[in-house]
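Engineer: To start, I am sharing the structure in question, which I have written as structure tokens.
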Amino acid sequence: MKRRDFVRNMALVSAGTPILVNNVSLQSVGKTLFDVSKSAEDRVLVIIRLNGGNDGLNTVIPRDQYANLSIQRSNILIPETSVLPLTTEVGLHPSMTGIQNMFNNGKASIIQNVGYPEQNRSHFRSMDIWSSGLIDSNPTTGWMGRKLDSDYPGYPTGYPNSTDTDPFAISMGYGVSSTCQGIMANFSHAVSNPFDVFNLTGSGVVNDGTYYGDHMEYLKTLIDQANAFGAQINAAATAGNTMSTLYDPLNELSTQLQYVAQMISGGLKSKVYILNINGFDTHDAQVDSASTLTGGHAELLKGLSDAVEAFQDDLSLLGLEERVMGMTFSEFGRQVASNASLGTDHGDAAPLFLFGTCLNTNILGPNPVISDTIVNQIGVPMQIDFRDVYASVLHDWFGVSTSEVQAMFEHSVTFYSLMNSCNVGIEEEELSKNKAIIYPNPAFDNATIRFTALNEWVKIDVYDIQHRKVASIYDGKLTQGRHDVKLEIIDLSAGEYIIQIQKESGLVHTKLLKVK
Amino acid sequence: MPQDEVAQPISYSMAPYSGAWTKAEAGHLLRRTMFGPTNQQILTAETDGMATTVNNLLQVPVIGEPIAHDSQEIIAGFGTSWVNSVYPSDPLLVNSVAEARNKSLAAWIIGRLNTESVSIAEKMTLFWQNHFAAPFTGDPRATYDYHALIYNNSLGNFKQLVKDVTINPCMLLFLNGATNTLFSPNENYARELLELFTIGKGPQIGSGDYTYYKEEDIAAGAKILTGYIVDGLASDTLTNVTASFNATLHDSSTKILSSHFGGVSIPDNGANEYSDYIDIIFQQNEVANHICRKLYRYFVNFDLTTSVESDIIPVMAATMISNNYEVIPVIAELLSSEHFYDLSLRGTLIKGPLDMLLSVFNSTESVPGFDILTDGIMYSTLYSYGDVLGQSYASPPSVAGWPAYYQEPAYSQLWINATHLRLRFQLTDFVTLYTGIPGNGNNWKLNILTFLDNLSSPADAIAVIDDLVDVFVPKGMDAVQKLILKTILTNGQPDFEWTIEYGAYTADPGNSNVSDPVRSRVEAVLARLFQMPEFHTL
């Protein structure tokens, strides 16, 4: 949109919209109250940023690497017997009992070794990369901002309006989130307390086409939006409810998630909530000198784990579980070896957490392999590209088609099945177009291929990149409908493979990445 | 904001500005270099002309030390400096004394801003605070020491300042230099020294290669910087926090820098090795480019267009290099340049919280003026307002400083979102219309009558509004907005009614029956002005 149109439209919007919006909004809040829909339209994603670079190796602990971890980081290592077991290979930091409970109930999952190629260890550059989902280009938009821009082109011109009454994203606290930076404006509205009502005086300034004029317009838009969105948020918070007794008022994240539950249950139609915890840049005093079980990092992880457990409990009690999913992220992990200050320096990949009831996997990706010798500056190598996690979330959770998702990223996207187990009816439609989905992908020991058949003969083979057949998976008749066939790939060497599904109704090829 | 849709400057010349020198140019210069000039200061600058005013701005006034005002300070005497005072032996009392000293430090910083003279020193000190971004430490004596360093060298030599900051106890504590040893190098400071403080991070062009330096330079830098330790923290016997060099903790191996530094070797030079290393970094001209871009963004505009990159930054950097990294010649050239006064570059910055809050008080000539305790409480309260609005002076949110100074694409727009805007309006209302800043049973309100009396023609309603616009906003105001303000001033009466009201007050200034109505009208005008978008830009 040209700036001239933008200016003109803003002038129209400012004429009387805020008042109109307030009237409409109050009706819509009443109407949607507790009206839980399973469609992607009404879904909410909660993103928790662990600011500073979380030490993944002391968060999700590779139990099968413990002996070598004690070589690399003896001064901060959690005692082996204190690690909370999830599987025989994987454990959690002992302060994360909340996430452990959720994991055991299928409501939390872990994606291992998430990062990006050629890790940049600058906090700022790396946070820009994580916020934008772009590595090569100079980012000016966030990954959620691009998704929202494609849904609501031209924003903020013409918003809010009688259809879209609510802010599209909420950033808890006082600042907006760069994850939600769109082309023209940031989609997130900062909320520190949704129960505060306010109404700011309007202003009649116009944009004179200079940098100054742009600021004038920005400030004026903020005034209008603050009034309109503020009223919506307040109405939702007042109409909403919260039922869990697990929230801890002294835990800031817990309080903020409680507000989020309150707003969602009150019918606020925001699609994304961004929350932030500071303090993960643990160069020193990550653990107490007296005990590695306590210290700054333990408190941070406990705060996260307890808050998320309370939030999930609340969603369950409110009957909202199938509408809300969550994820964490941090700009990088930390180096494998600790330093002498009881801390760790900037590193590479790290695990991230997903939470909610619509998860597909429990743990995606193998444990990192820890060496028995200390190599200066070594981090955990990346195996799963964070951009593919974002892409898969957009696809699984918001139902964005694979081609649309691909268009939002600069790399060739690999889709994982992360949170589509509630998508009854959504996937078949896409599968019927002669497609197949492999998950997890990349895979380590086994994977599942999901496809549809029409009461027909089906033959499935695995080819390597030179198109040599390396395995036959299935050869037989299948009934009409969706099928999941297991692929045992533990014996394959690492690399790219083509899975070929030969059906009477057509040929389907899809790519599988085998990792070690 | 796509730059091709915004009116661009007419002049990219760094030659001295020779155009009209009016109140508008004088106001532009002082608003960009101070925390809120008064009407009189702007008029004086107009009379003095550009060259004299720029010269005046480039002086660094001598400042005092923070003084004890809080009752939890039980070592230093009330009203005396605590910067060389020990802590109590009782560990339970150390925290409360440190808290008292932090309050005093906050009051000292804000008090300085509130009483600044016509000098760029405070604006430059905030620039360095944003650049080096060391926050409060556990011992306020070290925090003070760091603040005194960046203030006293605010217009000094950039290279020397980097050296001094590198071994300043506050910085050694902040970025783990104090625990960076031969036995376990800690890369925290070594990374930021390159990425943020000197050469800046370029695009990543290879594995661990950031155009101007590589990961291996960070590893080498960490080794070079090993051996400095900090002593005296919260000590009950040592009167200062000091840094010292401990040779046994220093990595004495020869360090080799990457190809970006010509693969140069840095042999062991003990306590001075850090200085050798910084000298080598400063041989790269990119250091000057990096700091000049930051200065440009801070004083002129966020948008480093291709023309700015080709015509402005190289001139600034060349001036800096030819003056061996002295700051004054660069600032003098910039503030005297045609480019700086280009009309399209006025109002290009949104005021940060400190700019916004201090301009309310400073431009209205408002200081608390009670006693040491009361002023101390009020100043530390004003400090906390800055914190609430997103700018706690001594606690930048990260080592990169405040995002509004560096984060693309929004830059200074990041100072304000809908939540912050509302807080700004509430706070300005509070200090203008309601009780003012409370403290020790008193209230610090705006000094409305003195401010009014010092305007050009206070009896003339139109002139009053014109002066307010000249003082507080960067590019004037349209007739409608001015009329709104004048209508508030006259309470909807004809203009001559204001003249009569003001005359009644000057005839009997001690009579609150005539002064109160005049004051309350101006308060109402200012409260409205402070809610206009124009006021929130520089």
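The values are calculated or read from the model by the stated rules, or taken from the named source; none is laboratory data. Remember, it's a predicted structure, so these values are computed and weren't measured experimentally. So basically every Cβ, Gly included, is an ideal-geometry build from the backbone, and we count neighbours across all protein chains shown. The protein model used for the area step is the full one, side chains on, heavy atoms only, and it has no ligands, DNA or RNA in it. Shrake-Rupley method; radii C 1.70, N 1.55, O 1.52, S 1.80 Å.
Engineer: What number of residues in segment A:476-516 are of a type outside the set (Gly, Ala, Ser), part of a loop (DSSP other than H, G, I, E, B) and in contact (Cβ under 8 Å) with a residue 12 or more places away in the chain? Even if it seems obvious, please write down each step before you answer.
Structural biologist: Kept after step one, since they are of a type outside the set (Gly, Ala, Ser), are these residues of segment A:476-516: A:477-480, A:482-492, A:496-504, A:507-516.
Now narrow it down to the ones that are part of a loop (DSSP other than H, G, I, E, B): A:479-480, A:489-492, A:504, A:515-516.
Those still in the list that are in contact (Cβ under 8 Å) with a residue 12 or more places away in the chain too: A:479-480, A:489-490, A:492, A:504, A:515-516.
Qualifying residue count, segment A:476-516: 8.
Engineer: Can you pull out every residue in segment B:352-365 that is small (Gly, Ala, Ser) and within 14 Å of chain A (Cβ to nearest Cβ)?
Structural biologist: Pass one, segment B:352-365, residues small (Gly, Ala, Ser): B:352, B:359, B:363.
Listed by number, the list holds a single entry, B:352.
Engineer: May I pose another question? Suppose the filter is assigned to a loop (DSSP other than H, G, I, E, B), in the same structural domain as residue A:274 (by TED's automatic domain parsing) and at pLDDT 90 or above; does residue A:167 pass it? I'd like the intermediate steps shown before the answer.
Structural biologist: On the way: assigned to a loop (DSSP other than H, G, I, E, B): yes; in the same structural domain as residue A:274 (by TED's automatic domain parsing): yes; at pLDDT 90 or above: yes.
Answer is yes for this residue.
Engineer: Also, quick follow-up: For segment B:413-466, what are the residues that are free of Cβ contacts under 8 Å to residues at least 60 places away in the same chain, open to solvent by less than 10 Å² (accessible area, probe 1.4 Å), more than 10 Å from chain A (Cβ to nearest Cβ) and touching a strand residue (DSSP E or B) at 6+ places or on another chain (Cβ under 9 Å)?
Structural biologist: Passing the criteria: only B:436.
Engineer: Could I ask something else about it? Tally time: how many residues in segment A:108-121 are open to solvent by 10 Å² or more (accessible area, probe 1.4 Å) and at the interface with chain B (Cβ under 8 Å from one of its Cβ atoms)? Walk me through it before giving the result.
Structural biologist: Step one: of segment A:108-121, the residues open to solvent by 10 Å² or more (accessible area, probe 1.4 Å) are A:117-119, A:121.
Now narrow it down to the ones that are at the interface with chain B (Cβ under 8 Å from one of its Cβ atoms): A:118, A:121.
Final tally of qualifying residues: 2.
Engineer: Output yes when any residue across segment B:491-514 is away from every other protein chain (no Cβ under 14 Å) and under 33 Å from the mean Cα position of the chain (by Cα), and no when none is.
Structural biologist: To start, the set of residues in segment B:491-514 that are away from every other protein chain (no Cβ under 14 Å) comprises B:491-514.
In the following step, the residues that additionally are under 33 Å from the mean Cα position of the chain (by Cα) were identified as none.
The answer is no, given that none of the residues of segment B:491-514 is away from every other protein chain (no Cβ under 14 Å) and under 33 Å from the mean Cα position of the chain (by Cα).
Engineer: Evaluate segment A:313-332: report whether one residue or more is crowded, with 24+ Cβ neighbours inside 10 Å and in a helix (DSSP H, G or I).
Structural biologist: yes
Engineer: Moving on. Which pairs have Cβ atoms under 6 Å, sit 6 or more apart or on different chains, and link a residue in segment A:340-363 that is touching a residue at least 24 places away in the same chain (Cβ under 8 Å) to one that is part of a strand (DSSP E or B) and of a type in the set (Phe, Trp, Tyr)?
Structural biologist: A:352/A:329
Engineer: Could you give every pair whose Cβ atoms fall below 8 Å, whose first residue belongs to segment B:487-499 and is more than 12 Å from residue B:518 (Cβ to Cβ), and whose second residue is open to solvent by 70 Å² or more (accessible area, probe 1.4 Å), counting only separations of at least 6 or pairs across chains?
Structural biologist: Within 8 Å, the pairs are B:495/B:462.
Engineer: Could I ask something else about it? What about residue B:200, is it within 11 Å of chain A (Cβ to nearest Cβ) and without any contact (Cβ under 8 Å) to a residue 12 or more places away in the chain?
Structural biologist: In short, no.
Engineer: Given the criteria assigned by TED's automatic domain parsing to the domain that holds residue A:321 and at positive phi, does residue A:267 qualify?
Structural biologist: Yes.
Engineer: To continue, here is another question. Taking helices (runs of 4 or more DSSP H) that do not extend beyond segment B:282-366, which have at least 1 residues that are of a type in the set (Phe, Trp, Tyr) and either in the same structural domain as residue B:197 (by TED's automatic domain parsing) or touching a residue at least 40 places away in the same chain (Cβ under 8 Å) (or both)? Explain how you work it out, then say what you get.
Structural biologist: Numbers: elements: B:286-299, B:313-322, B:328-335, B:353-362.
Of the helices (runs of 4 or more DSSP H) lying wholly inside segment B:282-366, those with at least 1 residues that are of a type in the set (Phe, Trp, Tyr) and either in the same structural domain as residue B:197 (by TED's automatic domain parsing) or touching a residue at least 40 places away in the same chain (Cβ under 8 Å) (or both) span B:286-299, B:353-362.
Engineer: Of the conditions (1) within 22 Å of residue A:192 (Cα to Cα); (2) among the hydrophobic types (A, V, I, L, M, F, W, C); (3) more than 13 Å from chain B (Cβ to nearest Cβ), residue A:293 fails just one. Which one is it?
Structural biologist: With respect to (1) within 22 Å of residue A:192 (Cα to Cα); (2) among the hydrophobic types (A, V, I, L, M, F, W, C); (3) more than 13 Å from chain B (Cβ to nearest Cβ), residue A:293 is out only on (1).
Engineer: Something else: Which of the residues spanning segment A:122-163 are within 14 Å of chain B (Cβ to nearest Cβ), outside any loop (DSSP other than H, G, I, E, B) and of a type in the set (Ser, Thr, Tyr)?
Structural biologist: A:126, A:131, A:132
Engineer: Sticking with this structure for a sec: Please indicate, with yes or no, whether at least one residue in segment B:333-351 is under 23 Å from residue B:8 (Cβ atoms), open to solvent by less than 20 Å² (accessible area, probe 1.4 Å), more than 8 Å from chain A (Cβ to nearest Cβ) and among the polar types (S, T, N, Q).
Structural biologist: yes
Engineer: I'd like to know if segment A:134-141 contains one or more residues that are surrounded by fewer than 24 Cβ atoms within 10 Å (Cβ to Cβ) and closer than 25 Å to residue A:356 by Cα.
Structural biologist: Looking through segment A:134-141, none of the residues is surrounded by fewer than 24 Cβ atoms within 10 Å (Cβ to Cβ) and closer than 25 Å to residue A:356 by Cα.
Engineer: Return the pairs, sorted by first residue and then second, in which the second residue is among the hydroxyl-bearing types (Ser, Thr, Tyr) and open to solvent by less than 30 Å² (accessible area, probe 1.4 Å), the first residue lies in segment B:383-401 and is over 25 Å from residue B:191 (Cβ atoms) and more than 8 Å from every other protein chain (Cβ to nearest Cβ), the beta carbons are less than 7 Å apart, and the residues are 6+ apart or on different chains.
Structural biologist: Short answer, once both residue conditions are applied: B:383/B:393; B:386/B:392; B:386/B:393.
Engineer: In segment A:206-261, how many residues are touching a residue at least 40 places away in the same chain (Cβ under 8 Å), assigned to a helix (DSSP H, G or I) and not acidic (Asp, Glu)?
Structural biologist: Summing the residues that are touching a residue at least 40 places away in the same chain (Cβ under 8 Å), assigned to a helix (DSSP H, G or I) and not acidic (Asp, Glu) in segment A:206-261 gives 23.
Engineer: Scan (1) more than 13 Å from chain A (Cβ to nearest Cβ); (2) open to solvent by 10 Å² or more (accessible area, probe 1.4 Å) for the single condition residue B:407 breaks and write down its number.
Structural biologist: All conditions are met except number (1).
Engineer: Another question about this same structure. Find the helices (runs of 4 or more DSSP H) located wholly in segment B:122-209 whose residues include 1 or more that are closer than 22 Å to residue B:284 by Cα and open to solvent by 20 Å² or more (accessible area, probe 1.4 Å), and list them. Show your work before the answer.
Structural biologist: On the way: elements: B:140-152, B:158-166, B:169-174, B:188-192.
Once the helices (runs of 4 or more DSSP H) in segment B:122-209 are filtered for at least 1 residues that are closer than 22 Å to residue B:284 by Cα and open to solvent by 20 Å² or more (accessible area, probe 1.4 Å), what remains is B:158-166.
Engineer: Also, quick follow-up: Just checking, how many residues over segment B:469-488 are surrounded by fewer than 16 Cβ atoms within 10 Å (Cβ to Cβ) and on the phi < 0 side of the Ramachandran plot?
Structural biologist: Applying the first criterion (surrounded by fewer than 16 Cβ atoms within 10 Å (Cβ to Cβ)) to segment B:469-488 yields B:476, B:478-480, B:483, B:487.
Next, from what is left, pick out any that are on the phi < 0 side of the Ramachandran plot: B:478-480, B:483, B:487.
Residues that pass the stated criteria total 5.
Engineer: Could you check, for segment A:342-350, whether at least one of its residues is modelled with pLDDT under 95, part of a helix (DSSP H, G or I) and more than 13 Å from the chain's Cα centre (by Cα)?
Structural biologist: No, the conditions are met nowhere in segment A:342-350.
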